[in-house]
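> One structure coming up, written as structure tokens, with questions to follow.
Taken together, the values in this text are just the output of simple stated rules run on the coordinates, not laboratory data. The structure presented is a predicted model; accordingly, all values stated were derived computationally and were not measured. Virtual Cβ from ideal backbone geometry, glycine too; neighbours counted across all protein chains shown.
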Ligand code: AMP
């Protein structure tokens, strides 16, 4: 099917042609003719990146009467980024209809300016729920002529707690309007909105309900907790052309991972709620422009990120709520392209992978962290390919060539090649010379929590069981967090790199826990545990007063968290300037 068979106005068709859209995507091919012909309500279920904006935007623009300045179409979406993106797309589609005005309204910016824009006439308003409600309450938007209300990413809006705002907005729109609801997933809360506000809606599903995009490959890697970051670096190094989005659960982890990547020489920056709006805009602009290669983000900050060409989404930690996996991974493989979604899990993460597989109805592929040799070979051949690139601009270097050639004349071709590559790669190669295998062994993965608890918990054979000289520690995780003795052992041993025999009695209480350990490794434990997390949750760990004094068994806490956690777990940049120089050059190269 071609766009000109859908029944759209000529002015719109020529705008679409200028955008380079040739054939409608499946959701467009189904939704556009329906919406042009029928006046009813519609539910469109499709993952992000499948062309949803045009599937509602084109029929809406087609229907709007540009001779009236009143608001006729209202689009409600979850985030400022998406709001701006939708209104930009609509401006493009309507570029040959000069009187048609699309006004985006969203929070965190001057409301007076937005009011002025609306007063000048806005046939279509694209809004985030909170700001729209504010404008409605100030009586600055007039909704009585609204014929179409579009709820975009409805599931995300409900996830973000906008249910009441959406109810209030819908209650104020005219009774005889059409509601077009678009969503990637159909949880019961979305079905409830449909039930309350839509009349006999026509449903279009592209792919199965709650299914992710078929163009996404889902991979997972099993690593020990302490190797998570090194595994991330290996995966990035094995994909030199990565243009990626890394998800962490908390702002703190997001900041840490981005800082560590940056100081290891990667072209990475964080995006999270602690940044000002101006900072977020700046980071997003760099990412969109591809001067930034890797964006590390929290779920909330990354909502509505609509950037094409993202090659990899990496879940540094899986999301707390498995439903969020679909939203995260949907940031890649947009507009018919292919993409990879990679989950880094520890030895306990398998169950979560199973639950996600059930939701997305797709199997994950277990991958092994690439070996040092594989990574080095990939990097070298990537560099050689860049040298062979026919589009390389040689004009600037030409005038220096005679002088360079004279200096290098005595070297053979082989030697010359090796030396050039050595300048660029020696530090990188020596880092990988020393690198360990980061894949968690089968033995680390096997055995149930119960086995481990029995072997290593209260009844374990540790030398430090009931030892009066043992150091006692407090851990801010308890049964309510799903914590048990096996989990404690894995957490401490993996992160601090100690043997299980050095851990003694373990007491898991409802909200926190205690354990005894060899006093000689106290600082190894405290150092190793800074920045550790349990299934993405950060927690406190402290020495209790008086070491293993039985009087303190109830957990008298005196440790100073900041004092114990002052040094950086990764001890600064382990690969000083080698890859750093190369990375930033590569980052720049992408823009040229
Ligand atoms: P959306 O799901 O609306 O955010 O669209 C994802 C991306 O696909 C956007 O960058 C659109 O510009 C692009 N796109 C949408 N429809 C088409 C089409 N029919 N042909 C080519 N690209 C499209």
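> Just the Cα atoms of the range 1-118, one point each, no solvent: what log10 I(q)/I(0) does Debye give at q = 0.11, 0.13 Å⁻¹?
-0.37, -0.52
> Grab every C-alpha pair in the range 216-367, bin the distances at 10 angstrom width from 0 up to the longest one, and report whole percents.
The percentages, shortest bin first, are 11, 46, 36, 7.
> Would you mind ranking 132, 404, 6 so that the residue whose beta carbon has the fewest other beta carbons within 10 Å leads the list? Don't skip to the end; give the middle numbers.
Working: 132 26, 404 10, 6 21.
By the 10 Å Cβ count, ascending: 404, 6, 132.
> Arrange 347, 254, 71 by Cβ neighbour counts within 10 Å, fewest through most, would you?
The order, fewest Cβ neighbours first, is 347, 71, 254.
> What full-extension length gain, to one decimal in nm, is calculated for residue 95 and residue 259 as 0.36 nm per residue of separation minus the Cα-Cα distance?
Result: 54.8 nm gained on full extension.
> Let me ask another. For labels at residue 252 and residue 419 in the simple 7 Å Cα→Cβ model, what's the distance in nm?
Calculated label separation equals 5.1 nm.
> Where does the chain land at 222 nm, in deg cm²/dmol rounded to the nearest 500, when only DSSP H runs of n ≥ 4 count, each adding -39500 (n - 2.57), divided by all residues? Intermediate values should be presented prior to the final figure.
On the way: 25 runs with 248 residues, N = 592.
That calculation yields -12500 deg cm²/dmol at 222 nm.
> Residues in the range 292-323 near a label at residue 88, defined as backbone nitrogen under 12 Å from the 7 Å Cα→Cβ point?
305-308
> Along the Cα-to-Cβ line of residue 19, 7 Å from the Cα, sits a label point; which residues in the range 94-126 have backbone N less than 13 Å from it?
Backbone N within reach: 94-96.
> When the chain is fully extended, how far beyond the present Cα-Cα distance does residue 168 get from residue 436, taking 0.36 nm per residue of separation?
Value of the extension gain: 90.8 nm.
> Next question. Among 138, 303, 334, rank each residue by its count of other Cβ atoms within 10 Å, from fewest to most, as a rough exposure measure.
Taking fewest neighbouring Cβ atoms as first place, the list is 138, 334, 303.
> Rounded to the nearest 0.05, what FRET efficiency is calculated for residue 191 and residue 373 with R0 set to 35 Å and r the Cβ-Cβ distance?
The computed FRET efficiency comes out at 0.10.
> Can you list the equivalent-ellipsoid semi-axes of the chain, largest first and in whole Å, using the square root of 5 times each Cα gyration tensor eigenvalue?
48, 35, 21
> While we're looking at this one, here's another question. Go ahead and run the numbers for FRET between residue 406 and residue 335, Cβ-Cβ distance against an R0 of 56 Å, rounding to 0.05.
Step by step, r from the Cβ atoms, then E = 0.65.
> A further question on this structure: In the P(r) worked out for the range 372-433, what percent of Cα pairs fall beyond 16 Å? Spell out each step's value before the answer.
On the way: 1104 of 1891 pairs.
Of all Cα-Cα distances in the range 372-433, 58 percent exceed 16 Å.
> At a Förster radius of 25 Å, what calculated FRET efficiency corresponds to the Cβ-Cβ distance of residue 200 and residue 36, to the nearest 0.05?
Calculated value: 0.85.
> Find how many whole Å separate the alpha carbon centroid of the range 136-176 from the alpha carbon centroid of the range 10-33.
Value for the Cα centre distance between the two parts: 27 Å.
> Taking every DSSP beta bridge that has both residues in the chain, what percent is antiparallel when rounded to the nearest 5?
Values: 16 of 65 bridges.
Counting DSSP beta bridges with both partners in the chain, the antiparallel share is about 25 percent.
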